[in-house]
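The values are calculated or read from the model by the stated rules, or taken from the named source; none is laboratory data. Keep in mind it's a predicted model, so treat the numbers as computed, not measured. We place every Cβ from the backbone using ideal geometry, glycine too, and count neighbours over all the protein chains shown.
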Amino acid sequence: MASASLINILTADIDSTVVPEDSVADLIRRYNSRVPRTADNPGWALAAHLSRARFFDIKGNYDGAIREYKESLDASGSMLIPERNRFASYIGLGKTFHKSGQTDSAVFYMKKAEDLARDAGFTELLINTYSSLHDIYAETGNRRMADEYRHKKLELNDSLFNTREFSKIRDLEMFHEIDRFKKRISMMQIEKKMRRRTLVTVSVALLCVAALCILIFVQNRKLRRKNRNLYDRNMAAMKAEEKLREAIQSQQETAQQTDAGNASEPEEASEKYSGSSLSDSKGKEIEERIIELMADEKVFCREGFTIKELADLCGSNTKYVSQVLNERMGTTFSRLLNESRISVARKRFVDFEHYGHLTIEAIVAELGFKSRSTFSKTFKRITGLSPSEFQRMAREKRK
């Protein structure tokens, strides 16, 4: 410990004014008298060389100081932070050569100290080196190099990474390394806990995703089964519509052969149309005309088709047509129009021979709807399926 303490004092800052020379000389004498060289003291040789070099320097024996500083280079690896010890030897050599008037050698060792401090990251020591090189070049009259090292010193001194304001002595680096090691162990323990928690979280998340996938699969199967049933019902409805249309045509042919005198008396009008003058025979005639017209796609698939146009085609007025739709057919013009158009859409979706090459937009464009969204909402409301679902089911059935 005495060797380490003396080394820290001697390498802290060569020619420092913090510790006066007489105090340094007294410390060296006390060390030499109390600390013998032993096998279990690896720092004795380094401490001895540095102390003798400093002692010679104080006495003005520069040759002896230079010799001891060079010897200390070989012993610099015996203690912690060998780069710090070599730097002290280099800077000591540089300053001693400078004092002895050997400028070239002084610059040579100062630059070695500069390179070592820069590579090792000794920022505060690098500032001292720049200051010493500035002094040497200024004394020799080399203003360019003196200004260059002065600029380097000022720039580094203002750097955000400068640690000079916190401490000029790096002898606590050992404790700093121990603290870093403890923090690293602590971080590893935290990372281990985090990995364990992450593993648990990921496992739970995977289980949840698996359960969700199973639920989605089950729901999808139910939905597909429901869609198949809806599709089958729509196909059955299409067949029923065809049979009904054939039956109505047959009835119309029969009715034309029946004597007009056999027509029944007018039914009692509903409360809504209690004041209407529409007779039963006229109402039946309008109903048959409506059925005939609504069987023709070219009529009701025109965009903007209105009840007024339907009434004109029936040779009547909108009031009578609306009354017939409500009382005799149990519907409204809007509902009848939408159901008729959707019926055409269903037939075209399953007619792959003529319409299989068309998109839904192309089919909708010929049905009289104002937009694709209006058609989709109406199709879903009437059939229970979206147009794309119905078309997909049709393709599956076809395969």
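Filter the range 291-309 for residues that are among the aliphatic types (A, V, I, L, M) and at pLDDT 90 or above and give the result.
Within the range 291-309, just Ile307 meets the criteria.
Could you give every pair whose Cβ atoms fall below 9 Å, whose first residue belongs to the range 300-318 and is touching a residue at least 40 places away in the same chain (Cβ under 8 Å), and whose second residue is part of a helix (DSSP H, G or I) and among the basic types (Lys, Arg), counting only separations of at least 6 or pairs across chains?
Phe300/Arg341; Cys301/Arg341
Pick out the one residue from Arg381, Arg328, Arg346 that is crowded, with 19+ Cβ neighbours inside 10 Å, among the charged types (D, E, K, R) and in the same structural domain as Ile290 (by TED's automatic domain parsing).
None of the others qualify; the one that does is Arg346.
Going through the range 384-399 one residue at a time, which ones are surrounded by fewer than 16 Cβ atoms within 10 Å (Cβ to Cβ) and not in a helix (DSSP H, G or I)?
Answer for the range 384-399, where residues must be surrounded by fewer than 16 Cβ atoms within 10 Å (Cβ to Cβ) and not in a helix (DSSP H, G or I): Ser386, Lys399.
Would you mention how many residues in the range 100-127 are charged (D, E, K, R) and either more than 18 Å from Tyr69 (Cβ to Cβ) or in contact with a strand residue (DSSP E or B) (Cβ under 8 Å, 6 or more places away or on another chain) (or both)?
The number of residues fulfilling the criteria is 3.
Give me the pairs: first residue in the range 44-62 and assigned by TED's automatic domain parsing to the domain that holds Phe87, second residue assigned to a helix (DSSP H, G or I) and of a type in the set (Asp, Glu), beta-carbon distance under 7 Å, and six or more apart or on different chains, which are they?
Pairs found: His49/Glu68; His49/Glu71; Arg52/Glu68; Ala53/Glu68; Phe56/Glu68; Ile58/Glu21.
Looking at Thr374, Thr359, Thr383 in this structure, which one is of a type in the set (S, T, N, Q), under 19 Å from Glu242 (Cα atoms) and under 43 Å from the mean Cα position of the chain (by Cα)?
Sole residue among the options that is of a type in the set (S, T, N, Q), under 19 Å from Glu242 (Cα atoms) and under 43 Å from the mean Cα position of the chain (by Cα): Thr383.
Consider Gly43 carefully, then state whether it is surrounded by fewer than 19 Cβ atoms within 10 Å (Cβ to Cβ) and not aromatic (Phe, Trp, Tyr).
no
Just one of Arg233, Arg170, Arg245 is assigned to a helix (DSSP H, G or I) and either at pLDDT 80 or above or closer than 30 Å to Phe87 by Cβ (or both); which is it?
Exactly one residue qualifies, and that residue is Arg233.
Give me the residue from the range 349-378 that is buried (at least 18 other Cβ atoms within 10 Å of the Cβ) and in contact with a Cys (Cβ under 9 Å, 6 or more places away or on another chain) and, out of that set, farthest from Thr306 (Cα to Cα).
The residue in question is Leu367.
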